[in-house]
1. Inside segment 71-93, can you point out the residues that are within 19 Å of LEU7 (Cβ to Cβ) and part of a helix (DSSP H, G or I)?
2. In this structure, is LEU66 touching a Leu at 6+ places or on another chain (Cβ under 8 Å) and farther than 16 Å from TRP28 by Cβ?
3. State whether the residues of segment 20-29 include one that is more than 14 Å from ILE83 (Cβ to Cβ), surrounded by fewer than 16 Cβ atoms within 10 Å (Cβ to Cβ), touching a helix residue (DSSP H, G or I) at 6+ places or on another chain (Cβ under 9 Å) and not charged (D, E, K, R).
4. Within segment 1-55, take every residue that is within 16 Å of VAL69 (Cα to Cα) and in contact (Cβ under 8 Å) with a residue 60 or more places away in the chain and give me the one that is farthest from the chain's Cα centre (by Cα).
5. Which one is farthest from the chain's Cα centre (by Cα), of the residues in segment 114-133 that are surrounded by 13 or more Cβ atoms within 10 Å (Cβ to Cβ) and farther than 22 Å from LEU67 by Cβ?
Amino acid sequence: MTEAILLFSPHGSPNKGFPHKAKGRVHWILQGLCVSCAALGLAAISYNKHLNGKAHFASWHGLLGLLTVCVVALQSLAAVPLIYHSLAKGWSLAKLKRYHAASGLVTYLLGSVSLLLGLCSAWFTASIGGYAWYLSALCPAVSALVVMNQVSSAYMAKKRLQS
């Protein structure tokens with residue numbers, strides 16, 4: 001998901017020279033893979049919980065993870081009018097892109113918080129301790145800050161140009 005978002009970054013993406021439409025298609029493909037992996041992961045986790053007789057979605061990590069997977073699926077469905085703009089009568093493409101970016105950022109932050117909550121689980125803290133835990137927690141936090149910066153600067157710059 002991170003690379004799919006950072007495709008549009010002017011810094012450090014391997015496809016800098018691609019036209020915006022090609023970046024949009026690659027973004028769409030990567031996000032489709034992301035939704036598929038999230039759904040398969042959720043199914044595997046639910047099946048494993050069922051096999052072991054454990055409660056489903058009993059922790060904050062589990063509940064927020066379920067919410068995040070649902071929001072990721074909704075965000076992907078809501079992006080269809082960006083590809084087929086004729087489906088969004090009465091909406092400008094610029095407005096749709098702004099809403100998609102803002103809701104995508106919220107979705108990404110939900111995923112980051114869910115991941116951080118998973119790092120606080122009893123199993124993970126028993127398996128990983130000390131500096132390794134802090135390094136593990138730093139990774140999604142820094143990724144979230146990079147994505148927040150990229151999305152907000154991309155849309156704030158457009159707003160300044162329009163003013």
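What follows is calculated from the coordinates using simple rules that are stated; it is not laboratory data. Since the structure is predicted, the reported quantities are computational estimates derived from the model, not experimental observations. All Cβ positions, even for glycine, are placed from backbone atoms using ideal geometry, and neighbour counts span all protein chains on display.
1. Within segment 71-93, the subset within 19 Å of LEU7 (Cβ to Cβ) is 72, 75-76, 78-80, 82-83, 93.
Passing the criteria: VAL72, GLN75, SER76, ALA78, VAL80, LEU82, ILE83, LEU93.
2. Values: touching a Leu at 6+ places or on another chain (Cβ under 8 Å): yes; farther than 16 Å from TRP28 by Cβ: yes.
Yes: the conditions hold for LEU66.
3. No, because not a single residue in segment 20-29 is more than 14 Å from ILE83 (Cβ to Cβ), surrounded by fewer than 16 Cβ atoms within 10 Å (Cβ to Cβ), touching a helix residue (DSSP H, G or I) at 6+ places or on another chain (Cβ under 9 Å) and not charged (D, E, K, R).
4. THR2
5. My answer is ILE128.
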